[in-house]
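A.B. asks: Starting off with a structure, shown below.
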Amino acid sequence: MSYDSSPSYDSSPSYDATYPWQPPLDPPEPARRRRPERPPLGHHSDLRVLRSAYRWQRRTASLAALGYFTLFLILSAFAPSVMTSTVTDGLPTGLLLALLQIPVTWLAIVLYERTARRYVDPIADRIRKESALDAKREAAR
């Protein structure tokens, strides 16, 4: 017995036109949107660059000041013979290193300001100008 000789019938007819609430078989293609020339500022990589420059600036200045202070503490705790030795007549090394903490702190402040002017501020100015241009473009639309 062969079923090939019998006519072929579709046992489940399509009722697509009968049921309008069903989604169409092929969804319509979304309208093509024009890509902006630049991504919005919130998604821009310049903000990541600014954050990393600011982070580098903070670490550099903090490590300069705290590193010296930590060195002073370690020498005070573990090398008292070095700290009590005299540099000149009556001036112990520990006192000299303690007095040098003030210039080292000033140096850390100067380093912080210099790196801010040299690296962080130009990036922040560029982002500020770009955001002003983006705001003008959005207002013009």
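The values are calculated or read from the model by the stated rules, or taken from the named source; none is laboratory data. Note that the coordinates shown come from a computational prediction; the quantities given were computed from them, not determined experimentally. Virtual Cβ from ideal backbone geometry, glycine too; neighbours counted across all protein chains shown. Note: accessible area is taken over every heavy atom of the protein model, side chains too, but ligands, DNA and RNA are not part of it. Shrake-Rupley method; radii C 1.70, N 1.55, O 1.52, S 1.80 Å.
A.B. asks: For the range 91-118, give me each residue that is over 30 Å from residue 49 (Cβ atoms) and open to solvent by less than 70 Å² (accessible area, probe 1.4 Å). Let's see the steps before the verdict.
C.D. replies: So the first thing to find is which residues in the range 91-118 are over 30 Å from residue 49 (Cβ atoms), and the list is 91-103.
Listed by number, the residues that qualify are 91, 92, 93, 94, 96, 97, 98, 101, 103.
A.B. asks: Please enumerate the residues belonging to the range 119-141 that are under 17 Å from residue 48 (Cα atoms) and either exposed (fewer than 12 other Cβ atoms within 10 Å of the Cβ) or without any contact (Cβ under 8 Å) to a residue 12 or more places away in the chain (or both).
C.D. replies: Pass one, the range 119-141, residues under 17 Å from residue 48 (Cα atoms): 119-131.
Result: 121, 122, 125, 128, 129.
A.B. asks: Please verify whether residue 84 is farther than 17 Å from residue 47 by Cα, surrounded by 11 or more Cβ atoms within 10 Å (Cβ to Cβ), modelled with pLDDT of 90 or more and touching a strand residue (DSSP E or B) at 6+ places or on another chain (Cβ under 6 Å), treating the condition exactly as stated.
C.D. replies: Yes: the conditions hold for residue 84.
A.B. asks: Can I ask one more? Can you find a residue that is open to solvent by less than 90 Å² (accessible area, probe 1.4 Å), modelled with pLDDT of 90 or more and within 30 Å of residue 119 (Cβ to Cβ) anywhere in the range 41-60?
C.D. replies: For the range 41-60, residues open to solvent by less than 90 Å² (accessible area, probe 1.4 Å), modelled with pLDDT of 90 or more and within 30 Å of residue 119 (Cβ to Cβ): absent.
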